Each structure stands twice: as structure tokens, then as C-alpha cells.
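Participant: What follows is a single structure, and I will ask about it in a moment.
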Amino acid sequence: MLKRLIKGVLGVAVILGVLIGGATVFSDDASGEFAQIVDCVNPFVKEGNIYVKTTQPKEVNSYGTALYRQVAADEKGNKRTIEFSGLSELKKGHYLKLENKGAFVKTYKEVQKDDIPQAALAVIE
């Protein structure tokens, strides 16, 4: 009886490990809604900041909410594609600092070019 319980617990742990590990690998450079949900709840994805230079939105819905999909970089210059929404269409050519957890963007704020680390600036320019 105890052996069966231990095997069951180990089996569930292995399955969960494979699912979480697979989701982490999948969402590593993905930027869609599924990747955002996975990264938001995944305890192994680190929180951080990334930087973008605003471009034309991918689309603007009937409420005026703009969807952006663009290249972003962290302070070390590591780049990834990121997708985020603006409450309205943002001014093009402005710099944003996005607080993120993988593909999930929590907040963004406008920053000056001088406030962006040089490694990140080299990627987003």
C-alpha cells in the first residue's frame, strides 16, 4: 500500500515537472496570450525589467486599446519579442520600461533615453 502511494506521488511530481519545464521552454521567446498566462503563474520565471522603443501598434480595437508586438531588451542586452497593450495608441519613438515576468507585462512607464542601459539601447535602436 505504501509503495503504491509513493509511486503515485512520484508519478504526479514527474508529470508536473515535465509540464512546468516544457511550459518554461515553450514560453522562453513566445509572446502570445498563452505564453503570458504560463509565465504569469510559473514560479520559475523571474521578474524583471525590459525596454522598448515604441513603434506603430499591431492593431487598435474599437475601444482605442492598442496592441504592440515588438523587440525588447533587458539591461544585459538579451532580446525577446514582447506583446503588450496600451490603453490608447502610444507616441512613436518614445522609450518605455516594462516591468515583466517573462512574456507577461505587468506595467510600463515612459523613460528617457539616458535612463536605459547601453546594452539594451543597442538592441532596441
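The values are calculated or read from the model by the stated rules, or taken from the named source; none is laboratory data. Here the structure is a predicted model, which is why all the values come from computation and not from measurement. Glycine also receives a Cβ, built like all others from the backbone with ideal geometry; neighbour counts cover every protein chain displayed.
Participant: Show the residue pairs meeting these rules: Cβ distance below 7 Å; 6+ apart or different chains; first residue within the stretch 54-80 and loosely packed, with under 13 Cβ neighbours inside 10 Å; second residue of a type in the set (A, V, I, L, M).
Facilitator: These pairs meet every condition: K58/L67; E59/L67; K76/A119.
Participant: Which condition does N61 not pass, out of (1) under 21 Å from L121 (Cβ atoms); (2) modelled with pLDDT of 90 or more, if it passes all the others?
Facilitator: Only one criterion in (1) under 21 Å from L121 (Cβ atoms); (2) modelled with pLDDT of 90 or more is unmet by N61, namely (1).
Participant: Return the residue satisfying two criteria in turn: it lies in the stretch 105-125 and is touching a strand residue (DSSP E or B) at 6+ places or on another chain (Cβ under 6 Å) and in a helix (DSSP H, G or I), and of such residues it is surrounded by the most Cβ atoms within 10 Å (Cβ to Cβ).
Facilitator: If we take residues in the stretch 105-125 being touching a strand residue (DSSP E or B) at 6+ places or on another chain (Cβ under 6 Å) and in a helix (DSSP H, G or I), then A120 is surrounded by the most Cβ atoms within 10 Å (Cβ to Cβ).
Participant: So, in the stretch 81-125, exactly how many residues are over 18 Å from N42 (Cα atoms) and touching a residue at least 60 places away in the same chain (Cβ under 8 Å)?
Facilitator: Qualifying residue count, the stretch 81-125: 7.
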